[in-house]
1. Could you give the distance between the Cα centres of region 191-219 and region 444-493, to the whole Å?
2. Order of 322-334, 449-461, 202-214, 381-393 by packing, highest average Cβ count within 10 Å first?
3. Pairs 181/394; 381/470; 56/237; 181/381; 56/181: which are spaced more than 25 Å apart, C-alpha to C-alpha?
4. Quick one: what are the phi-derived ³J(HN,Hα) couplings along region 334-349, Karplus 6.51/-1.76/1.60 with θ = phi - 60°, whole Hz, x for glycine and proline?
5. Compute the separation of the alpha-carbon centres of region 417-435 and region 99-158 and state it in Å as a whole number.
6. Determine, from the Cβ-Cβ distance of residue 201 and residue 427 and an R0 of 60 Å, the FRET efficiency 1/(1 + (r/R0)^6), rounded to the nearest 0.05.
7. Enumerate the calculated ³J(HN,Hα) couplings along region 361-368 in order (Karplus 6.51 cos²θ - 1.76 cosθ + 1.60, θ = phi - 60°), each rounded to whole Hz, writing x wherever the residue is Gly or Pro.
8. Neighbour counts of other C-beta atoms within 10 Å: give me 191, 175 arranged from fewest to most.
Amino acid sequence: MGHQDEHEAHLDVTVVSFMLVSLIAFTLASEKLLHALHGWLGRGGSVGQQLFHKVKDELMLVGVLALVLDVAEHAMTCDHAVLEAFEWAHRLLFVAALVLVAFAVTLAGACAALTTRYHAVEGVSLESLFVTNRDASIRVAHTDIRWREAATYFALREDFFARCELPAAFAFSRYLEGALKEFIVDQVEIYASAWGIVVLVVSMNWARSRYTPPWRETDVFMSGGYVLVVLALLLKKREDAAWAALRRDLGCATDDALVEACRRAHKHRTAEKAVKDEANLARTIERREHTRELAQQPAARGFAGRLKALRDHRAGRLDDNRHHARTAAQLSAYVSWVLLLLCFYGALLVLRYGALAIKVSRLYFLATALPVPLLCYVVGKLVHRTSFVVAVSKVDEAAVDECLEASLQTSHDVAALRATFRQAFADHGGRSRMDLRAVFDHFESSGDGELDRDDARALVKWVLKRRISKDHFDRVWRELNVDEIGGIGFADFSSFFDDPAWALASDAQIDLRGVTSKRSRSFFSRKKLSSPSKKIN
């Protein structure tokens with residue numbers, strides 16, 4: 001006690017004050033940085049926000065454990081070896097959580113690439129699938145789509161629409177995008193059973209160290225990594241079997257069956273063309289709300305209740321692919337197991353076994369680290385297919401309602417933009433596709449033959465005579481840019497705005513004098529555009 005008082009008496013107030021001010025400045029700067037990062041990652045339900053909160057939780061947990069260690073070290077006479085083991089274990093958990101977050105960020109990047117393909121497939125014409133070579137690829141904007149990929153997508157989409165009684169205007173690619181993000185967030189949260197698997201592996205390693213002849217630690221660690229790779233490959237095989245069973249049960253296991261499913265989808269879409277997309281979507285939203293109200297009422301009893309249950313079963317409402325939904329849930333749990341074990345393998349490689357392996361040889365270190373990229377590749381494939389199986393097997397009613405509302409809003413925005421564009425186009429003397437090309441060239445500023453976001457924003461401002469919100473513009477941009485890669489080519493532009501009534505004139509006669517484009521903002525571009533004539537001929 002006297003030693004502690006002597007230590008406190010020798011504290012330099014100047015140094016303590018300086019350290020305190022430094023910590024306050026660091027805290028303020030960190031709060032500002034976290035606030036900026038919080039806004040940059042998007043809204044509360046985004047994948048980025050979920051990962052952000054996961055990192056914050058892990059940092060808070062490490063801080064609490066560090067405080068507990070400090071109090072235990074100063075207040076109790078604990079064995080130093082016990083304290084060191086506890087500190088090493090909680091450091092392992094922290095690094096494993098960071099590896100999990102890093103891997104989830106990588107999956108989020110892969111998620112963006114997958115959703116790009118989903119949106120690109122939506123741009124494939126159903127008629128083209130009837131005549132295209134089945135071994136060929138279909139070019140949509142900047143993306144090449146394989147025939148079987150597109151046909152399978154439309155076949156599963158048509159089955160999903162039939163089970164949920166959705167109109168063809170429903171944004172299925174948006175639903176899949178949300179399901180994929182939700183799947184990644186679920187993997188970050190980790191299933192309770194996955195922690196049970198970790199405890200089982202730890203127990204097996206303890207039993208091995210206690211009851212078997214001593215092995216070199218790095219050999220045991222590397223062997224565990226390759227066993228994990230084998231288990232991941234077996235899981236991939238199980239997932240492939242579930243995917244094949246889903247396609248078989250939905251009647252799209254062969255190319256001919258895929259063509260028939262695409263014909264049904266085309267027939268469905270053609271039948272709905274007589275009614276505007278907005279009307280179809282609004283009617284579907286009203287019907288689903290009415291169904292929910294009926295579901296909240298007491299169930300009918302006796303013969304009437306049994307008759308209603310039979311009708312619902314025949315309509316597929318009670319079945320809802322339950323077998324495939326259970327299989328998808330099991331696959332999701334298995335992916336969580338493999339992912340968590342991969343995170344612990346990576347954490348142990350960073351904290352201990354990487355340094356031990358490199359002391360043996362560089363080749364030995366490469367052999368020890370090789371399971372990590374192999375597992376990342378296999379898990380990435382598992383996430384892609386498993387999330388798709390989960391999305392089409394188990395209907396997320398809340399996500400469907402959200403996509404219906406978004407589809408209705410997008411349909412309204414697109415219809416208003418098309419009508420207003422054609423009016424503005426006619427007001428400036430436009431009456432042919434050559435005039436449409438002149439409008440495209442006028443707003444295209446980069447010289448690469450594509451409208452970027454700023455070009456499209458200037459075009460929308462000219463059409464609507466006002467600026468629109470970011471969400472409004474994003475909805476329009478997604479409809480204009482089919483695969484959401486790069487900019488908008490003239491083919492996408494003309495297919496969006498073209499009117500069959502426009503004549504095929506050989507010269508452009510539209511008058512664009514006074515129309516502001518993106519390039520007119522530049523001083524040098526303004527000098528170029530100040531030519532005597534602004535009429536395009």
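1. 56 Å
2. 381-393, 449-461, 322-334, 202-214
3. Numbers: 181/394 15 Å; 381/470 33 Å; 56/237 36 Å; 181/381 15 Å; 56/181 20 Å.
Pairs exceeding the cut-off: 381/470; 56/237.
4. With the stated coefficients, region 334-349 comes to 5, 4, 4, 4, 4, 5, 5, 5, 4, 5, 5, 4, x, 5, 5, 5 Hz.
5. 33 Å
6. Values: r = 71 Å, r/R0 = 1.19.
Result of the calculation: an efficiency of 0.25.
7. 5, 5, 5, 5, 5, 5, 5, 6
8. Details: 191 18, 175 26.
In increasing order of surrounding Cβ atoms, one gets 191, 175.
Read the figures in this text as sums done on the coordinates, not as results from a lab. Remember, it's a predicted structure, so these values are computed and weren't measured experimentally. Heads up, the Cβs are rebuilt from the backbone with ideal geometry, glycines too, and the neighbour counts pull from every protein chain shown.
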